[in-house]
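To start, the structure under review is shown below, and the notes come after it.
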Amino acid sequence: MARVTQRRRRKATVARTTDPVPPLPILAWVALGANLGDARATVERAFDALAGLPRTRLLARSSLYRSAPVDAAGPDFINAVAGIDTALTPMELLDALQAIERSEGRERPYRNAPRTLDLDLLLYGDLSLDHPRLTLPHPRMHERAFVLLPLAEVAPAQVPEDALERVAGQPIERLDTGASGTGRADQ
């Protein structure tokens, strides 16, 4: 049984099902990354795929960033963050993200393998969730510059200053992306 809490609109509860149903659209944040094939084009297609999800609207997208793999080998990653307003439940959203990954040829041969596309659900409103398939907030997001810098670009209120200081030594480069970096949601 999943433990679920949501500070906004609901007090802490223990879910009787594995997936709480959001009463209204929820602001969620998704990290995008790729390091196989044309990673830049893949991340751009992933933004489009997020915008096309049912009951979901793309609100913000960060610039693209280049970073070295963390705890893995392979080519550099192209990373970004998207803010979406969604009426999908957390598990529906997770399933949709994994379907987008599969559509881009994502395989999971071993932990931290290079990947054509990686979509991580970082935040789902104020929801705290500990489920075998999904932990929210993402348990390692505050350890990774490739998540925090793009997130701070589009949602600075979501990134504590001390978190940015802790990842300051991690190499990351903001790319000149033209159309990327459109929109900001300060929630």
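Name the shape class, rounded, prolate or oblate, that the alpha-carbon gyration tensor gives for segment 64-111, where a ≥ b ≥ c are the square roots of its eigenvalues, rounded holds for a/c under 1.5, and otherwise prolate holds if a/b is larger than b/c and oblate otherwise. It comes out oblate by the Cα gyration axes. With protein chains left intact and a 1.4 Å probe, residues in segment 38-128 average 41 Å² of accessible area per residue. The figure for THR42 is an accessible area of roughly 10 square angstrom, using a 1.4 Å probe on the protein chains alone.
Rolling a 1.4 Å probe over the protein chains gives ASP95 an accessible area of about 70 Å².
The values are calculated or read from the model by the stated rules, or taken from the named source; none is laboratory data. This structure is a prediction, so every number in the text was calculated from the model and none was measured. Just so you know, the surface numbers come from the protein's heavy atoms only, side chains and all, with ligands and any DNA or RNA stripped out. Shrake-Rupley method; radii C 1.70, N 1.55, O 1.52, S 1.80 Å.
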